[in-house]
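Notes to accompany the following structure.
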Amino acid sequence: MRHTYYPALDGLRTIAVGIVLCAHGGVTWFRSGGVGVDIFFVLSGFLITTILRTERQRTGAISFRNFYARRFLRLAPALFLTCAVVAVAKPAFGEAFPGTDLALALSYTANWAQALYGHYMTWLNHCWSLAIEEQFYLIWPLVILGIERGVRAPGTKAGLLLAGAAGIAVYRAWHVGVWTDERINFGLDTRMDSLMTGAALSYLVQAVEAGKLPDGVSQVLGRVFAPLALTTLFLIPNIVTWYSPWMGWIGYVLVAGLAATVLADLVLGRHSLLAPVLATRPMVFVGKISYGLYLLHLPVYFAVEKVIPDAPLVVRLGWKVGVSLALATMSFYWFEKRFLKLKDRFEAA
C-alpha cells in the first residue's frame, strides 16, 4: 500500500535535524535543539496516523503485526548500529563501557531514566526522543482503531485528537513548577501532544481533500502563515531553552502549532513558497538520511571533542557535521536500506 510522497517533507526533516546539529554543535543562536525534535514529533504523528487510518479505511482492519514489523525495520537497525559504535568508541577513548546507557537506549526507556532520575547518557543522551516515539507507537494503533470504529467524519476525528492534545497541554502546564524540568521535558505523558497535533492534521488533511483547500486560503497559508511559522520556529530557540518554564506552559503548544502550519502548507497548499525550496535535491537528500544523522551525530560530536578539543569552534563544527553526514550517508545506503526493502513484505494487500 503506497502513500503519497511529498519531497518537501524530507526538506522539513532537514530543517529539523539541522536545528539539532547546530544546537548540539555550540552555534550560539540555537540555545536548544528541542524545536527540531518537536518538528520531528509533529511529522511522525502525521505520517503514522496517515498510514494507520488509510489501512483501516481501505482494508477494514489494522495489522498490528505488520505495523510493528515496519517500525522495527525502519528504526531498529540504525539504533543498533549507533549503539555498536558507542560501545566500541567510548572504551577506545578511555571511558567506561556504557552498559546502562546501551540498555536504556535499546529498550526505548531512556526518556524515563532522564525524567525520573535525571540520568545523563552522554553519547546516547538524544535517545530520549526515540523512546517517546516508540512508546507512542505502542499505543497509537489502538487509539486510531477506536477512533475509526466510533467516529465517522474526519473533521470530528481531528477535533477529538486536538482536544486530547489540549488536555495533555493543560496537564503539563499544571505541573510546571511542581515536577522537575526533566520530568516535564522527557515524560511521554507530558510530551505526547506534539505527536497528537500531527495526528489531528492527518485527519484534517483527509477532510479537506474531499473539497480541496479554497484558493484564497491556500494563498494566505502558503505566502504568509507558513513562511511566518517557519521563521518563528528559527527564532524560538534563540529566545528560550527547552528547560524554561515558559515551554511547559505554552511553548510546546506554540511549536507544535507552528510546525503543523508548515506541514499543512506543504501537504495541502497550492501556493507554497516553502515547498519548492524544501523539495530541492540537497534538502531531500539530507532529509532521507536524517534519522541516521540524528542518531550518529552525538557520538561523533563527543569523539571530535576528544580528538581536537582546543580547535576553534568553526573547525570543530565543520568536522562534526562533515563526519556525521558521511557516516549517516553510509549507514543509510549500505546498511539501513537493506532492511527498508524488507518493509514491503509487511504491507497491507
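Things to note:
- Sole exception among (1) crowded, with 17+ Cβ neighbours inside 10 Å; (2) farther than 16 Å from GLY36 by Cα for ARG270, by number: (1)
- Any hit, region 29-44, residues being of a type in the set (Asp, Glu) and in a loop (DSSP other than H, G, I, E, B): no
- Identity of the residue in region 150-175, farther than 18 Å from TRP140 by Cβ and over 23 Å from the mean Cα position of the chain (by Cα), that ends up surrounded by the fewest Cβ atoms within 10 Å (Cβ to Cβ): ARG152
- Subset of region 237-266 that is touching a residue at least 12 places away in the same chain (Cβ under 8 Å) and among the small types (Gly, Ala, Ser) - its residue that is surrounded by the fewest Cβ atoms within 10 Å (Cβ to Cβ): GLY257
- Residue pairs whose Cβ atoms lie under 6 Å apart, sitting 6 or more positions apart in sequence or on different chains, and linking a residue in region 106-126 that is modelled with pLDDT of 95 or more to a partner that is of a type in the set (Gly, Ala, Ser) and in a loop (DSSP other than H, G, I, E, B), are ALA115/GLY187.
- Region 212-236, subset closer than 30 Å to THR28 by Cα and of a type in the set (Val, Ile, Thr), residue surrounded by the most Cβ atoms within 10 Å (Cβ to Cβ): ILE236
- Note on region 195-216: among residues that are charged (D, E, K, R) and in a helix (DSSP H, G or I), the one that is nearest to VAL253 (Cα to Cα) is GLU209.
- Leading residue by the ranking (modelled with the highest pLDDT) among those in region 297-344 that are acidic (Asp, Glu) and within 30 Å of ARG65 (Cα to Cα): GLU336
- Restricting the first member to region 16-35 and to residues that are more than 20 Å from PRO299 (Cβ to Cβ) and touching a residue at least 40 places away in the same chain (Cβ under 8 Å), and the second to residues that are surrounded by fewer than 19 Cβ atoms within 10 Å (Cβ to Cβ) and of a type in the set (Lys, Arg), no beta-carbon pair is closer than 7 Å while six or more apart or on different chains.
- Residues that are surrounded by fewer than 20 Cβ atoms within 10 Å (Cβ to Cβ) and in a helix (DSSP H, G or I) within region 19-28 comprise just one, CYS22.
The values are calculated or read from the model by the stated rules, or taken from the named source; none is laboratory data. Computed from a predicted model, the values in this text were never measured in an experiment. In this analysis, Cβ positions are derived from the backbone assuming ideal geometry, glycine residues included, and neighbour counts consider all displayed protein chains.
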